[in-house]
Amino acid sequence: MERPAWAPRSIDISVPSVSRIYDYYLGGSHNFEVDREAARKAMTHMPGLPKIMQANRAFMRRAVRHAAAAGIEQFLDIGSGIPTFGNVHEVAQQAHPGARVVYVDHDPVAVAHSEAVLEGNEHADVVAADLRKPQEILSSPQVERLIDLNQPVALLLVAILHFVEDADDPYGAVAQLRDALAPGSLLVLTHASYEGIPLPAERAEGAVDVYKDIRNPLIMRSRDEIARFFEGYDMVEPGLVPMPHWRPESAPEDEDPYAFSGFAGVGIAA
């Protein structure tokens, strides 16, 4: 397999990557056949996966606009993935030209592309780090340069926590990040769940098994389990809901049924 110029030498292009699979679902071009093969296999069980990812992105953009309208000008996007149209910095800086954004991802392709997209943007940067090690993120030079932790921050954990197993203490990681942020900060979160998927759970499990096979287990949590991530936050209306129901800009009934899979919410730190 020929290695394209955009693929860092350090990555194994014969192994599927969650962020490149996500890029494929969104119609991106920074993925390999091994990623497309895994995505197509998952879609044989759950054909609406691209619709779920599109709903994730649409919610993220609405939440960023909400944060900007609330006066927040600092954004920390962990598990940001490969840049596509309508990134956090584009939405935030449209509202506030001086808005500061730090992306965080542990995928070398996502980091490399973020660096390319952000070249010349002095108010945005990217960190190669892992959500499971929050202190490494918080103490990174990029966060120290751009994020004032004494002022409110919008923390984005969009479609990332369902890739963190309970053994790696995702609740502890989210709590550490919460405790480092100033009052008035926002937690913007989406999470996969069997609840809301318009097909039997046993069929959806086939897609989950694909992620298990590529050593990136997809942890489907219940609404109550997802709500636990918001401990220490007051929920912003309308609460923890299917993505199309969070402050929609178009009629939710016009959405694809798969868009209602999983949950989204925004909380404000007391």
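List of remarks:
- Among the candidates 91, 104, 109, residue that is of a type outside the set (Lys, Arg), open to solvent by less than 20 Å² (accessible area, probe 1.4 Å) and not in a helix (DSSP H, G or I): 104
- Count of residues meeting criterion [crowded, with 18+ Cβ neighbours inside 10 Å and either of a type outside the set (Val, Ile, Thr) or over 22 Å from residue 78 (Cβ atoms) (or both)] in the range 189-203: 6
- Verdict on residue 117 being touching a helix residue (DSSP H, G or I) at 6+ places or on another chain (Cβ under 7 Å) and open to solvent by 10 Å² or more (accessible area, probe 1.4 Å): no
- The set of residues from the range 209-226 being outside any helix (DSSP H, G or I) and farther than 19 Å from residue 21 by Cα comprises 221, 222.
- Complete set of residues in the range 95-154 that are among the charged types (D, E, K, R), out of contact with any Lys or Arg (no Cβ under 9 Å at 6 or more places or on another chain) and touching a residue at least 60 places away in the same chain (Cβ under 8 Å): 105
- Selection from the range 230-247 of residues that are within 18 Å of residue 53 (Cβ to Cβ) and either open to solvent by 60 Å² or more (accessible area, probe 1.4 Å) or modelled with pLDDT under 95 (or both): 245
- When we screen 182, 159, 129 for residues that are in contact with a Ser or Thr (Cβ under 7 Å, 6 or more places away or on another chain), of a type in the set (Gly, Ala, Ser) and farther than 30 Å from residue 256 by Cβ, the only hit is 129.
- Of the residues examined, residue 161 is one that is within 30 Å of residue 37 (Cβ to Cβ) and touching a helix residue (DSSP H, G or I) at 6+ places or on another chain (Cβ under 9 Å).
- Which numbered condition residue 57 misses (of (1) over 18 Å from the mean Cα position of the chain (by Cα); (2) open to solvent by 10 Å² or more (accessible area, probe 1.4 Å)): (1)
- Residue in the range 61-68 that is farther than 22 Å from residue 259 by Cβ and either surrounded by fewer than 22 Cβ atoms within 10 Å (Cβ to Cβ) or among the hydroxyl-bearing types (Ser, Thr, Tyr) (or both) present: yes
Residue by residue, here is whether (1) open to solvent by less than 80 Å² (accessible area, probe 1.4 Å); (2) assigned to a helix (DSSP H, G or I); (3) at positive phi holds:
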residue	(1), (2), (3)
162	yes, yes, no
174	yes, yes, no
183	no, no, no
207	yes, yes, no
228	no, yes, no
250	yes, no, no
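- Residues that are open to solvent by less than 20 Å² (accessible area, probe 1.4 Å) and at pLDDT 85 or above within the range 1-25 comprise 17, 19, 20, 21, 23, 25, listed in sequence order.
- Count of the range 26-63 residues which are at pLDDT 95 or above and in a loop (DSSP other than H, G, I, E, B): 3
- Residue 86 vs. criteria surrounded by fewer than 22 Cβ atoms within 10 Å (Cβ to Cβ), outside any helix (DSSP H, G or I), free of Cβ contacts under 8 Å to residues at least 40 places away in the same chain and under 17 Å from the mean Cα position of the chain (by Cα): yes
The values are calculated or read from the model by the stated rules, or taken from the named source; none is laboratory data. These figures come from a predicted structure and were not determined experimentally. Using ideal geometry, Cβ is built from the backbone for each residue, glycine included, and neighbour counts are taken over all protein chains shown. For the accessible areas, the whole protein counts, side chains as well, though only heavy atoms, and no ligand, DNA or RNA atoms are used. Shrake-Rupley method; radii C 1.70, N 1.55, O 1.52, S 1.80 Å.
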